[in-house]
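I have a structure here, written as structure tokens, and I will follow up with some questions on it.
The values are calculated or read from the model by the stated rules, or taken from the named source; none is laboratory data. On a predicted model such as this, the values are computed, not experimentally measured, just so you know. Cβ placement follows ideal geometry from the backbone for every residue including glycine, while neighbour counts extend to all protein chains displayed.
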Amino acid sequence: MRLNSPQINIITKACLKASRSLIRDFGEIENLQVSTKGPGDFVTSADKRTEKIIIEELQKAHSDYGIITEESGSINTANKNNRWIIDPIDGTTNFLNGIPQFAISIGYEEESEIKCGVIFDPIKNEMFCAEKGNGAYLNNSRIRVSNKKKLKDALLVTGGPRQSSKIKKEIFSEFVEVSNNILSPVRKFGSAALDLAYVACGRFDGYWQRELNYWDVAAGIIILKEAGGFVNFFEENNKDPLKRNILASNSNIHDEFSNLIIKKNIE
Ligand code: IPD
Ligand code: CA
Ligand code: CA
């Protein structure tokens, strides 16, 4: 791999270390799945355990860096120059059900700009990573977004709405609108991080979703951009800087795709 910033090395090391216990936990879930107890609390503790290992590894390298995580909130908030953004398990519902589609996602920001990111799928042993200006990789191979030219031929993926969403109806009608404009049925794979990574390597041609959190997409954004993809944060929620609506695709279909979603915007 030709990525060599100190931060990418630190992140990959943390991912590999945390993934060892995550793989063990996933094996345990498969057992719990069929037991009468069910996986319930075990999943929450797997999230926390994974996050703890990641934070320990990152802090070993830089104890002063800021951290935003899904499970522990914010750490070292005074440091605005260097910040890690962590989702220890993106795709928890898949994990909980023994479905091997989840990932560790870690991004690194300098002065509010994402400089590098890693999304690691420990079950398929697929490590997506990118560094600003140095391209995006899947394991040791350079990746690029697809070359699909027309939105109607695109394979698109989305996610949500979450149970607590107040705009469920609008999200579903947007889904119908998109479905009416493309030939293949829209996919839902249940991990925002992997959805973005899959657009980056050309498996999907585009992805959109509302009401995400920053840790779902921070690493994916740099991986997608470095793979030649375009990202649009439509109707950015200024009230909460950690909330994101996102639309990502290859460059060819980006305008057509953005026009379709944004013209149907939600009040
Ligand atoms: C979720 C996944 C899912 C998306 C949800 C996210 P989690 O993250 O990325 O694909 O639809 O909005 O919250 O809870 O599994 O880390
Ligand atoms: Ca997530
Ligand atoms: Ca998570």
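Looking only at strands (runs of 3 or more DSSP E) that lie completely in segment 10-116, which have at least 2 residues being modelled with pLDDT of 95 or more and of a type in the set (D, E, K, R)?
82-90, 103-110
Restricting to segment 250-266, and then to whatever is farther than 14 Å from Asn180 by Cβ and in a loop (DSSP other than H, G, I, E, B), can you tell me which residue is modelled with the lowest pLDDT?
If we take residues in segment 250-266 being farther than 14 Å from Asn180 by Cβ and in a loop (DSSP other than H, G, I, E, B), then Ile266 is modelled with the lowest pLDDT.
Pick from segment 88-117 the residues that are closer than 18 Å to Leu212 by Cα and of a type in the set (A, V, I, L, M, F, W, C): which of them is nearest to ligand 2 (Cβ to nearest atom)?
My answer is Ile89.
Go through segment 149-164 and report how many residues are surrounded by fewer than 20 Cβ atoms within 10 Å (Cβ to Cβ) and in contact with a strand residue (DSSP E or B) (Cβ under 6 Å, 6 or more places away or on another chain).
Counting residues in segment 149-164 that are surrounded by fewer than 20 Cβ atoms within 10 Å (Cβ to Cβ) and in contact with a strand residue (DSSP E or B) (Cβ under 6 Å, 6 or more places away or on another chain) gives 1.
Return yes or no: is Ile85 crowded, with 22+ Cβ neighbours inside 10 Å, within 16 Å of ligand 1 (Cβ to nearest atom) and of a type outside the set (Gly, Ala, Ser)?
Judged against the criteria, Ile85 is a match.
With the requirement that a residue be of a type in the set (A, V, I, L, M) and surrounded by fewer than 18 Cβ atoms within 10 Å (Cβ to Cβ), what does segment 92-122 give you?
Ile99
Which one of Ile119, Ile123 is in the same structural domain as Glu70 (by TED's automatic domain parsing), within 16 Å of ligand 3 (Cβ to nearest atom) and not in a strand (DSSP E or B)?
The conditions single out Ile123.
If you take the residues of segment 39-98 that are touching a strand residue (DSSP E or B) at 6+ places or on another chain (Cβ under 6 Å) and among the small types (Gly, Ala, Ser), which of them is farthest from Ile11 (Cα to Cα)?
Ser74
Six or more apart or on different chains, Cβ atoms under 9 Å: show the pairs whose first residue is in segment 192-215 and assigned by TED's automatic domain parsing to the domain that holds Ile85 and farther than 15 Å from Asp90 by Cα and whose second is at pLDDT 95 or above and within 15 Å of ligand 3 (Cβ to nearest atom).
Pairs found: none.
Could you pull out the residue among Ala130, Ala136 that is among the hydrophobic types (A, V, I, L, M, F, W, C), touching a Gly at 6+ places or on another chain (Cβ under 7 Å) and either over 23 Å from Lys17 (Cβ atoms) or surrounded by 12 or more Cβ atoms within 10 Å (Cβ to Cβ) (or both)?
Ala130
A further question follows. So which residues in segment 68-87 are near ligand 2 (Cβ under 10 Å from one of its atoms) and of a type in the set (Gly, Ala, Ser), if there are any at all?
none
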